[in-house]
Structure formats: structure tokens, C-alpha cells
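**Q** First the structure, which I've put down as C-alpha cells, then a few questions once you've had a look.
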Amino acid sequence: VVACTNKLPYSITLDAGTSTNRTMTNGIDTLSYELYRDSTHTTVWNATNIVNGVGQGKTANTHTVYMSVPGGQETASDGLYTDNVLATVNF
């Protein structure tokens, strides 16, 4: 959610996470994943693919991040996988 001055343009970027590529960890196990700007998972959201918006004053703009974990990673154990992704808002 971004709330900023009315008509002020802004942009949002997401970094690659803790590693150089998007990888979640659970102990020694890892799962690759990707973050997207759209529910159809066609537009990756990263540091070079920026989401732009314009401030609406007192009304906040909501931007949803969609995630996908590719198949073929069945050797990973069950459990909680985590990563830290930094969101940067420039205005």
C-alpha cells in the first residue's frame, strides 16, 4: 500500500531477495520462486521491472504481489520456507 501526496508520481521495485536469485530456504533445503505484478504471472516484478503509480492524497494505492513456485522441486522437505525481499518506493 502506498499513500502519498495527490498527483505525485512514484515507483516501486522489488529486489532479488536474500540471494542473487529468488530462493526461499528451510534449513539446508531451498525452493526457487518468482514474484509477479499480475495474477496471470506474465510480468515479473523485480528491480528492473518497475511498477509506477500516482499518489491519490488521502486514498492509498494498493499493489498486490503475486508469487509462483515452479514445479519439479519435489525433493525439498515440507516446512516453512522464508526469504527477505526489499521493496523500494521512490517518489
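The values are calculated or read from the model by the stated rules, or taken from the named source; none is laboratory data. On a predicted model such as this, the values are computed, not experimentally measured, just so you know. Because the Cβ atoms are built from the backbone with ideal geometry, glycine has one as well, and the counts that use them run over all protein chains shown. The protein model used for the area step is the full one, side chains on, heavy atoms only, and it has no ligands, DNA or RNA in it. Shrake-Rupley method; radii C 1.70, N 1.55, O 1.52, S 1.80 Å.
**Q** Within segment 50-78, which residues are open to solvent by less than 60 Å² (accessible area, probe 1.4 Å) and in contact with a strand residue (DSSP E or B) (Cβ under 8 Å, 6 or more places away or on another chain)?
**A** Kept after step one, since they are open to solvent by less than 60 Å² (accessible area, probe 1.4 Å), are these residues of segment 50-78: 51, 53, 55, 57, 60-61, 63, 68, 73, 76-77.
Residues satisfying the conditions are VAL51, GLY53, GLY55, ALA60, ASN61, HIS63, SER68, GLN73, ALA76, SER77.
**Q** Against the condition in a loop (DSSP other than H, G, I, E, B), of a type in the set (Gly, Ala, Ser) and either modelled with pLDDT of 95 or more or closer than 20 Å to VAL89 by Cβ (or both), how does GLY17 come out, does it pass?
**A** Yes, satisfied.
**Q** Can we say THR5 is open to solvent by 60 Å² or more (accessible area, probe 1.4 Å) and in a loop (DSSP other than H, G, I, E, B)? Break it down stepwise before answering.
**A** Values: open to solvent by 60 Å² or more (accessible area, probe 1.4 Å): yes; in a loop (DSSP other than H, G, I, E, B): yes.
Taking the combined requirement at face value, the residue satisfies it.
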